[in-house]
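Below: one structure, written as structure tokens.
The values are calculated or read from the model by the stated rules, or taken from the named source; none is laboratory data. Predicted model, so just to flag it, every value in this text is computed and none were measured. No Cβ is skipped: glycine too gets one built from the backbone with ideal geometry, and neighbour counts run over all protein chains shown.
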Amino acid sequence: MYSVVIPCHNGEHTLRRQLDALRNQDFTGEFEVVVADNRSTDSTPQIVEGLRKVDPRFRIVPADRVQGINHARNAGVRAARGDFILLCDDDDIVLPGWITAMDAARRQGHMCLGGLTEHRLRDDTYLFDQPGIIPVPWADVPRPIGANCGFARQVFDQIGGFDESILEGPDDTDFFWRAHFAGYPSHPVPSARVIYYVKSDLDQLLRQGFRRGGGRVKLYRKYRSKGMPRMPLLKSVPKFLGGTVLAVFAPKRSSIKRRTVQYVGFQLGCVAGSFRERVFYF
């Protein structure tokens with residue numbers, strides 16, 4: 001049985017469309033959907049309870065001990081009944097055939113899965129596709145993203161779930177790296193697609209990039225002994241300078257402007273994180 005776990009905080013504007021997409025999946029096997037409510041103050045509980053009245057596969061569980069996506073993921077998985085977990089977010093949309101594609105990969109014996117994410121703006125403007133597993137920054141240890149992934153319950157139990165001290169940035173990366181070193185490498189499932197809606201505001205992208213940069217340094221401090229590479233300084237400086245120019249002059253709604261704004265924020269976050277973590281990442 002599959003358990004789809006959705007960490008959620010105040011998802012009333014987007015959650016319903018994700019639940020509808022899951023309800024309309026073509027998968028003929030058994031699955032449930034568990035919404036882990038992380039201190040929502042809006043109508044999120046009412047949305048889920050309303051759907052539960054017509055479809056008992058859907059339910060909501062509390063995840064309110066602390067604020068944080070990894071706490072919500074852990075609470076949702078621990079309340080789940082399935083032996084294989086699929087994760088998606090409350091503000092995205094799983095596409096038709098998502099569970100079926102994950103099921104096919106699981107039946108091949110894979111224990112950790114990553115689906116493709118189709119990045120779009122909030123108005124559905126297409127930006128780019130991101131593969132199911134990502135080799136950056138560590139080509140030898142690729143990993144999925146938490147918005148479209150899956151893993152066996154035994155993996156979760158063996159490695160101790162998601163690290164709740166990681167609040168942003170590498171929250172999902174750390175889990176799949178620990179799984180990798182426990183003997184469960186991640187496998188790409190390109191046919192398991194999710195529309196991943198990105199932040200629209202450039203200031204938000206810059207801040208998001210900054211947080212991710214700081215998180216990357218935290219990961220380096222934890223995994224450098226296992227061989228995680230530093231960011232190459234000779235490559236990062238020209239990319240930072242070129243990215244700054246593109247961030248200023250590229251068209252506002254272009255994919256390249258958005259990616260470079262986020263990259264500039266990421267580089268700044270790496271610098272700040274290196275000071276904070278007292279480790280030289282470059």
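Points worth noting:
- Residue, farthest from residue 108 (Cα to Cα), within the range 172-192, restricted to residues that are crowded, with 21+ Cβ neighbours inside 10 Å and more than 13 Å from the chain's Cα centre (by Cα): 177
- Between 169, 160, the distinction of being surrounded by fewer than 15 Cβ atoms within 10 Å (Cβ to Cβ), assigned by TED's automatic domain parsing to the domain that holds residue 9 and at positive phi belongs to 160 only.
- Filtering the range 167-183 to residues that are in contact with a Ser or Thr (Cβ under 9 Å, 6 or more places away or on another chain) and more than 16 Å from residue 113 (Cα to Cα) leaves nothing.
- Hits in the range 26-58 - residues which are part of a helix (DSSP H, G or I) and either in contact with a Phe, Trp or Tyr (Cβ under 7 Å, 6 or more places away or on another chain) or hydroxyl-bearing (Ser, Thr, Tyr) (or both): 44, 48, 51, 52
- Taking the range 47-62 as the range and being of a type in the set (A, V, I, L, M) and more than 11 Å from residue 6 (Cα to Cα) as the test, the residues that pass are 47, 48, 51, 54.
- Within the range 19-37, the set of residues being touching a residue at least 12 places away in the same chain (Cβ under 8 Å) and either out of contact with any strand residue (DSSP E or B) (no Cβ under 6 Å at 6 or more places or on another chain) or not assigned by TED's automatic domain parsing to the domain that holds residue 87 (or both) comprises 19, 23, 24, 25, 26, 27, 29, 30.
- Restricting attention to the range 131-174, the residues that are assigned to a helix (DSSP H, G or I) and charged (D, E, K, R) total 5.
- Residue 73 meets the conditions (1) in contact (Cβ under 8 Å) with a residue 24 or more places away in the chain; (2) of a type outside the set (A, V, I, L, M); (3) outside any helix (DSSP H, G or I) in every case but one. The failed one is (3).
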